[in-house]
C-alpha cells in the first residue's frame, strides 16, 4: 500500500533512467542520508561511532570494491585485504613524504597505488579463470604482505613494521574525534558508493556484466577483453585501497601488515556472498552482518548470562560465531546465492502488490 | 504476553539493581582471548589476573572496601576486535576502565593514541612498544617490569656467559627465529646493533602467523649451523619450532626462548622434543608462593577459579597473570592513598598510581610474592621499572630456574628508547613532559 508506484508517470528518458525511479525509494534514500549525516553523529555515543558504525562503513567499501570485481565482472579474487594494505601503507607514505598534502589526496594516492598493483595482478585474468584466478590473487595477498614486512621503506624503517596514522585535518578543521572520523568515512563511502552505482549503469558496467556472464560472447560482440578485465581490477583495487586507508586512519589509527591477513580477505568475500554478489546494497548488508553479528553475539551472551544465570564460556560464544557463519554461508550458497540483497528485492516486489497480490 | 512482561520486568529490575550496586566498585576490563592459536597465553594470563582480583575480593573485601569488578571480552588476539573491546569497556563501571592490559603487541600499538586521549592507562607487561618506557612522551603507556629490548640484551648476555665471556661471541652465528609481526620484529634493531658490537652474525628467520609451518626455516638452520637459536615465538609456533628442531637434530639446549616462548603450554605439546630447552622469564612458576596458596584457599577451594583444568594452576602464564594483578591492584592502592581511600579512582589517578609504583622486597614479602617477580620502581622517566630477566630450563616435567635475576644493558636500551620516543614525539607533534614537575 505504502510502496506502490501507481500514478508515478515518467515522461522523459531522463526520468526513466534515474538511479531510483520510484519516489518512495528516493525519499527513503534521502532520509537515510539525513539520518546518517545528521542524526547519527548527534545521537550515537563514542562506542557506537568508533567501534561499530565506522568499521562497518569501511568494510562496506571494501566489500563494494570486491563486489565490482567478483560480483559484476565475474573475476574471483582473494586479495581484497592485500589491496587494503597497499592503500593504508601508501597513504601513510604519501602524507609522510609529500609535505602539506591534503588528506583526501593522500587517500586517492593510496587508492591509485592499489589500483596499479591490481592491474599487475589482474594480468593473469586474461588467460586463466575461476579457481585458478583465485589462486593467482592469493599470490598477490601473500606477496604484498611479504613486501610490506620486508621492505623497510613502506613503514619508514619502523623497527616493528608498524605505521601510525598521522593527524588529519581538512581545510584546517582537525579530524580527531570519533564523530569527525565517522563523518569523513561516511562522506568518502557515500561518494564512492554513488559512483559505483552509476558506473554499473554505464556502458562500462554493462561490459563488466557481459564479461561475467560469458566472456567469449562478450568478446564476439566487440567488448575489449583486456581493457575491461583490467579496468575491473583497477577500479576494484582502488575501492579496496581507499577502504584500507580509512581502516588505518579513521579506525585503528596504528596498523601493522598483520591487520590485513588472508583472514580479512575471506571476511570481505563472505560479506559479498551473504550480502549479495553483484549488488551495491548487498555489499552494505553483508558488511553489516559480518561486522556486527559477532559483537551482537558476544553482547547478547552477556544478557543471556545475567537474565538466565547461565554462564557461557568465551570459547562457546566464539565457536558459535564460527559455526553460525559457516552454516549461513553454505545456506546462502544453496538457498539464495544472490544473498540478502536479493531477499530485500523479493520483499520489495511483494510490497508493491501488497495487500492485494492478485 | 505474561512471559514477555516478566522478561521486561526482569531486565528493568536488573538495570535498577545494577545501578544501585555499581557505586563502590573499581572496574578493570578483562580483554583477553580464550580461543584461537594464542589461547593458552590469553586464557592463562587472563585467568591469573582475574583469580588474583577475585582473591582480594574474597579475602579483603576488595581494596579498602572497594570491590574489584571486571568483564571479559574476547579479542582473539586481533587488532580490530581488541579496539572494539576497548571501546566497549572504557565507559563501564562508576569511573570507567581503570587500566587496560591489551595482552597483544599489535593491540597495544592500536590503543596507544586512543587510550592517551581517553586518559586510560595501558599496562603492557613484557610486551608492547618498547620506547613507551620513556614516560615523557608516553604518559599513559607502561611497558612494566621489562621490555623486548631489555630482554634481547639479556639473551645475548646469557649466550655470551654460556660461551665463557662476551668476547667469545665474536664469529659466532646466532639464528633469530621470530613471529612475523610487530611482536617478533621489535627486537631486531637491538640484536643487529649488538651484533656489530660483539661481532656475532645474526641470521633472522621470519615465521608467518600463526607459525605451524616451519619446515623451511629449520632447513635453513640446518644449512647455516648456528651456534645458538633465539626463539621469539608465540602460541602454537613454539612447540612447532621445538619439534622441527628435534627433527633436524638441532640440540635443544642451544635454543633460547623469549618469555612468550617459555611456558608449560609451549613445551608440553612438543613432548620429549622440548627437554633441555631454555627460555627467559620475568616471573617464576609455582603454586607454593603464599599468594598462590591464598588464591587456592579463597578462590579455587570455593569453586570460583578461572581454570577448569586444575593442572594449569601455578603455571607460568597463570603466575604471570597474578603478577599483572599485583601490579594493577598495588597501583590502585597507591592512587587511593593519594586521592581518597575507599573510593573508586579514575584512569587519570590510576596513571599517577602506576607512575609512583615502588614494589620492593619488603612489599613483595607482605604480598606473599617474594621470588615470584622482580622488584619494581616506576618513575616518570622510566615506565619500565625493572628490566630484570631470569632464565629457566625445561627438564621434561617442569621449568627449573637456572639463573638469578640478570641485568639488561641499560645504557644501550635507554639510548634506543629515547631516540625512538623522540622520533615518535616529533612525528606526532607531542611536547615531552618535564619530569621534574610532578603533575597529575
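The values are calculated or read from the model by the stated rules, or taken from the named source; none is laboratory data. Since this is a predicted model, take the numbers as computed values, not measurements. Neighbour counts run over all protein chains shown; Cβ positions are idealised from the backbone, glycine included.
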Go through (1) assigned to a helix (DSSP H, G or I); (2) at positive phi; (3) within 14 Å of chain A (Cβ to nearest Cβ) for residue B:235 and report which single condition fails.
(1)
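Which residue, of A:14, A:6, A:30, is surrounded by fewer than 15 Cβ atoms within 10 Å (Cβ to Cβ) and under 23 Å from the mean Cα position of the chain (by Cα)?
Testing whether each residue is surrounded by fewer than 15 Cβ atoms within 10 Å (Cβ to Cβ) and under 23 Å from the mean Cα position of the chain (by Cα) leaves just A:30.
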The lone exception for residue B:127 - which of (1) over 30 Å from residue B:224 (Cα atoms); (2) within 16 Å of the chain's Cα centre (by Cα); (3) within 14 Å of chain A (Cβ to nearest Cβ); (4) part of a loop (DSSP other than H, G, I, E, B) it fails
(1)
Can you tell me which of B:233, B:281, B:303 is in contact (Cβ under 8 Å) with a residue 24 or more places away in the chain and more than 14 Å from residue B:399 (Cβ to Cβ)?
B:233
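Residue-by-condition table, conditions (1) over 24 Å from residue A:240 (Cα atoms); (2) modelled with pLDDT of 90 or more:
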site: A:18; (1), (2): yes, no
site: A:30; (1), (2): yes, yes
site: A:33; (1), (2): no, yes
site: A:38; (1), (2): yes, yes
site: A:45; (1), (2): yes, no
site: A:50; (1), (2): no, no
site: A:57; (1), (2): no, yes
Residue check for residue A:264: modelled with pLDDT of 90 or more and away from every other protein chain (no Cβ under 12 Å)
no
Just to verify a result, which residue in the range A:149-158, among those that are facing chain B (nearest Cβ under 10 Å) and in contact with a helix residue (DSSP H, G or I) (Cβ under 9 Å, 6 or more places away or on another chain), is surrounded by the most Cβ atoms within 10 Å (Cβ to Cβ)?
A:155
Of the conditions (1) in a loop (DSSP other than H, G, I, E, B); (2) farther than 22 Å from residue B:186 by Cβ; (3) touching a residue at least 60 places away in the same chain (Cβ under 8 Å), the single one that residue B:288 does not satisfy is (3)
Complete set of residues in the range B:186-205 that are more than 25 Å from residue A:257 (Cα to Cα) and not in a strand (DSSP E or B):
B:194, B:195, B:196, B:197, B:198, B:199, B:200
Filtering the range A:45-64 for residues that are away from chain B (no Cβ under 11 Å) and surrounded by fewer than 17 Cβ atoms within 10 Å (Cβ to Cβ) leaves a count of 0
Any chance the range B:374-381 includes a residue that's within 20 Å of the chain's Cα centre (by Cα), in the same structural domain as residue B:264 (by TED's automatic domain parsing) and under 27 Å from residue B:56 (Cβ atoms)?
no
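Yes/no per residue for (1) surrounded by fewer than 20 Cβ atoms within 10 Å (Cβ to Cβ); (2) within 9 Å of chain B (Cβ to nearest Cβ); (3) touching a strand residue (DSSP E or B) at 6+ places or on another chain (Cβ under 7 Å):
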position	(1), (2), (3)
A:160	no, yes, no
A:163	no, no, yes
A:168	no, no, yes
A:172	yes, no, no
A:175	yes, no, yes
A:189	no, no, no
Only residues that are within 14 Å of chain A (Cβ to nearest Cβ) and surrounded by fewer than 17 Cβ atoms within 10 Å (Cβ to Cβ): list them for the range B:391-415, please.
B:415
State whether one or more residues within the range B:24-45 are at positive phi and at pLDDT 90 or above.
no
Can you work out which of the residues in the range A:272-297 that are within 14 Å of chain B (Cβ to nearest Cβ) and either touching a residue at least 40 places away in the same chain (Cβ under 8 Å) or crowded, with 22+ Cβ neighbours inside 10 Å (or both) is farthest from residue B:76 (Cα to Cα)?
A:287
Run residue A:146 past the list (1) under 30 Å from residue A:46 (Cβ atoms); (2) within 14 Å of another protein chain (Cβ to nearest Cβ); (3) not in a loop (DSSP other than H, G, I, E, B) and report the number of the one that doesn't hold.
(1)
Identify, please: which residue in the range B:237-266 is more than 16 Å from residue B:184 (Cα to Cα) and under 19 Å from the mean Cα position of the chain (by Cα) and is, among those, surrounded by the fewest Cβ atoms within 10 Å (Cβ to Cβ)?
B:265
Filter result for residue A:76 (within 22 Å of residue A:214 (Cβ to Cβ) and assigned to a loop (DSSP other than H, G, I, E, B)):
yes
Being more than 27 Å from residue A:320 (Cα to Cα) and assigned to a strand (DSSP E or B): is that true of residue B:56 here?
no
Which members of the range A:305-317 meet the condition of being more than 9 Å from chain B (Cβ to nearest Cβ) and within 32 Å of the chain's Cα centre (by Cα)?
A:316
Would you confirm whether or not the range A:228-236 contains a residue that is touching a helix residue (DSSP H, G or I) at 6+ places or on another chain (Cβ under 9 Å) and over 18 Å from residue A:114 (Cα atoms)?
no
Scope the range A:318-340; condition outside any helix (DSSP H, G or I) and under 18 Å from the mean Cα position of the chain (by Cα); matching residues
A:338
Here the residues within the range B:147-169 that are assigned to a loop (DSSP other than H, G, I, E, B) and either touching a strand residue (DSSP E or B) at 6+ places or on another chain (Cβ under 6 Å) or within 23 Å of residue B:114 (Cα to Cα) (or both) are B:147
Would you confirm whether or not the range B:95-114 contains a residue that is within 24 Å of residue B:436 (Cα to Cα), assigned to a helix (DSSP H, G or I), away from chain A (no Cβ under 12 Å) and in contact (Cβ under 8 Å) with a residue 24 or more places away in the chain?
no
